[in-house]
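Q: Starting off with a structure, shown below.
The values are calculated or read from the model by the stated rules, or taken from the named source; none is laboratory data. It should be emphasised that the depicted structure is a prediction, and the values quoted were computed from it without experimental measurement. Cβ coordinates were reconstructed from backbone atoms using ideal geometry, including for glycine residues, and neighbour counts include every protein chain displayed.
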Amino acid sequence: MKSIVSDSYSVHFDKTAFEALNSHLSSQDYSSIFILVDENTHELCLPQFMSEITVDYNFEIIEIESGEVNKTIETCIGVWEALSELGADRKSLLINLGGGVLTDLGGFVASTFKRGINFINVPTTLLSMVDASVGGKTGIDLGPLKNQIGVINQP
Ligand SMILES: NC(=O)c1ccc[n+]([C@@H]2O[C@H](COP(=O)([O-])OP(=O)(O)OC[C@H]3O[C@@H](n4cnc5c(N)ncnc54)[C@H](O)[C@@H]3O)[C@@H](O)[C@H]2O)c1
């Protein structure tokens, strides 16, 4: 499948995605790289993801609890605090490895941490592959109000 390249970001598929990711990581000067996972993508997706990474970086893993019920400001605060404690700065990168909840929340966290750091979505559910991970809609829920808080910011 051919990559889709737009002015602000690109979408890569299959093995090409890992080639593009490795090439991107080795061409950038990120101060640190964080991978956001939930307990399911930590167990089921992270091992395969890491096995495809060929660049020499010390990746830090941040885990949140899965589910729409956790797409909240409280979860964001936990991730912002983890980033701060682990020394993230404006040149850090956040890789969101998960479904739509995780890419929505991770995109919002990255877009607001220190006024915005780069993020890459690696979608692991069908819905996040075809919809949530592209288009730049990031955000969280406010009580029962879905996607009430957020920003548009491209990965
Ligand atoms: N930003 C957008 O444009 C956009 C578009 C559509 C939907 N969304 C959002 O997407 C969210 C729904 O996304 P979703 O359907 O991916 O749900 P989800 O992110 O809650 O994932 C569903 C479950 O699957 C698990 N999971 C993820 N990847 C897995 C894998 N490879 N194997 C096994 N389990 C896995 C997750 O841990 C979770 O428990 C909603 O919050 C919705 O608002 C956003």
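Q: Given the residues 79, 55, which is the only one that is under 25 Å from residue 149 (Cβ atoms) and in contact with a Leu (Cβ under 7 Å, 6 or more places away or on another chain)? Break it down into steps so the answer makes sense when it comes.
A: Numbers: 55 fails: under 25 Å from residue 149 (Cβ atoms).
Checking each option against the conditions leaves just 79.
Q: Mind checking which strands (runs of 3 or more DSSP E) fall wholly inside the stretch 31-142 and carry at least 3 residues that are without any contact (Cβ under 8 Å) to a residue 12 or more places away in the chain and of a type in the set (Ser, Thr, Tyr)? Give the derivation first.
A: On the way: elements: 33-38, 59-64, 93-98, 118-123, 137-142.
In the stretch 31-142, there are no strands (runs of 3 or more DSSP E) which contain 3 or more residues that are without any contact (Cβ under 8 Å) to a residue 12 or more places away in the chain and of a type in the set (Ser, Thr, Tyr).
Q: Among the polar types (S, T, N, Q), at pLDDT below 95 and out of contact with any Pro (no Cβ under 6 Å at 6 or more places or on another chain): does that describe residue 147?
A: Numbers: among the polar types (S, T, N, Q): yes; at pLDDT below 95: no; out of contact with any Pro (no Cβ under 6 Å at 6 or more places or on another chain): yes.
No, not satisfied.
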